[in-house]
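The values are calculated or read from the model by the stated rules, or taken from the named source; none is laboratory data. Fair warning: this is a prediction, and the values are worked out from it, not measured in the lab. Here the Cβ is made from the backbone with ideal geometry for all residues, glycine too, and neighbour counts use every protein chain on show.
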Amino acid sequence: MIIIFDFDYTLFNPEKLRQDIAKIFPERNFSDDYQKYFKDKKISFSLNEYRAKLKEESGLTEKQLDQRMAAAEKLLKNSDKYLFPEALSLLEYYRRQGDRLVLLTFGNKSFQEMKVDNLGIKDLFDEVCFVEDEKKVHSIIESLKDSGEKILIINDNAKESLEMMRKLGGQAELKLIKGPYSGNVEHQYQEGSLSDLLREITGKKELTREIKNKR
């Protein structure tokens, strides 16, 4: 079976990362900047783009900007700390079953690469796909569909997931992870956490202690 994992809000906590990035810019309201420069314009966040905006509007010197960008990049070199606690156990479980693991991550490619490349779990994936536009998503999905294998999608974004399900037809099933985007379109799927999914597939009722011991 092929397992397609989403990244942000599924395996990785981007809100926690943004909170730490915000601490690097105490003179800015990072939440407002993020909303104004990126979300309102439907642009994926990247450090380079944020630096460019700050250079235009913040009054920070080149030296100050360089120092803050270096501090932000240092955070990303320790990106394992932003994984959800159950992520490693889930990936290892499917790996032991012999499943093919595919990471499909949406967003600015350079920023997503900085997050993923420093993860200890990266080598558990058979394939890592960075996606910035719908054409590439379509190409990847068509390629996976041609394999003829059963496909499981694990994703927090209902709209993205349902579109992939539509393209894959009866070949795919979905485990929808509860998060800020799991209700962005009407659906009839049950939303659950990674812990819920682990309990379902392993049949174990008490996972919290095991996960803490492992970490």
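Values as computed for the structure displayed
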item	result
Those residues of the stretch 145-163 which are out of contact with any strand residue (DSSP E or B) (no Cβ under 6 Å at 6 or more places or on another chain) and closer than 15 Å to L103 by Cα, in sequence order	N155, N157, E160
Criterion (surrounded by 13 or more Cβ atoms within 10 Å (Cβ to Cβ), over 17 Å from the mean Cα position of the chain (by Cα), of a type outside the set (A, V, I, L, M, F, W, C) and assigned to a loop (DSSP other than H, G, I, E, B)) met by exactly one of R51, R68, R28, R95	R28
Unmet requirement for S44, which otherwise passes all of (1) touching a residue at least 40 places away in the same chain (Cβ under 8 Å); (2) part of a helix (DSSP H, G or I); (3) polar (S, T, N, Q)	(2)
When residues of the stretch 164-215 are limited to those that are of a type in the set (G, A, S) and in a helix (DSSP H, G or I), the one modelled with the highest pLDDT	S195
Candidate set: the stretch 31-40, residues that are among the charged types (D, E, K, R) and surrounded by fewer than 16 Cβ atoms within 10 Å (Cβ to Cβ); chosen: the one nearest to I121 (Cα to Cα)	K39
Condition broken by S161, with the remaining ones in (1) surrounded by fewer than 17 Cβ atoms within 10 Å (Cβ to Cβ); (2) among the small types (G, A, S); (3) in a helix (DSSP H, G or I) satisfied	(1)
Whichever residue in the stretch 78-92 is surrounded by 17 or more Cβ atoms within 10 Å (Cβ to Cβ) and not in a helix (DSSP H, G or I) and, among such residues, is farthest from the chain's Cα centre (by Cα)	E86
Where a residue in the stretch 175-188 is closer than 8 Å to A158 by Cα and its partner, wherever it lies, is assigned to a strand (DSSP E or B) and at pLDDT 95 or above, with Cβ under 6 Å and at least six apart	L176/E191; S182/L176; S182/E191
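Residues checked against (1) surrounded by fewer than 16 Cβ atoms within 10 Å (Cβ to Cβ); (2) of a type in the set (V, I, T); (3) touching a strand residue (DSSP E or B) at 6+ places or on another chain (Cβ under 8 Å); (4) modelled with pLDDT under 95:
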{"position": "I4", "(1), (2), (3), (4)": "no, yes, yes, no"}
{"position": "L11", "(1), (2), (3), (4)": "no, no, yes, no"}
{"position": "Q19", "(1), (2), (3), (4)": "yes, no, no, no"}
{"position": "A22", "(1), (2), (3), (4)": "yes, no, no, no"}
{"position": "K42", "(1), (2), (3), (4)": "yes, no, no, yes"}
{"position": "L76", "(1), (2), (3), (4)": "no, no, no, yes"}
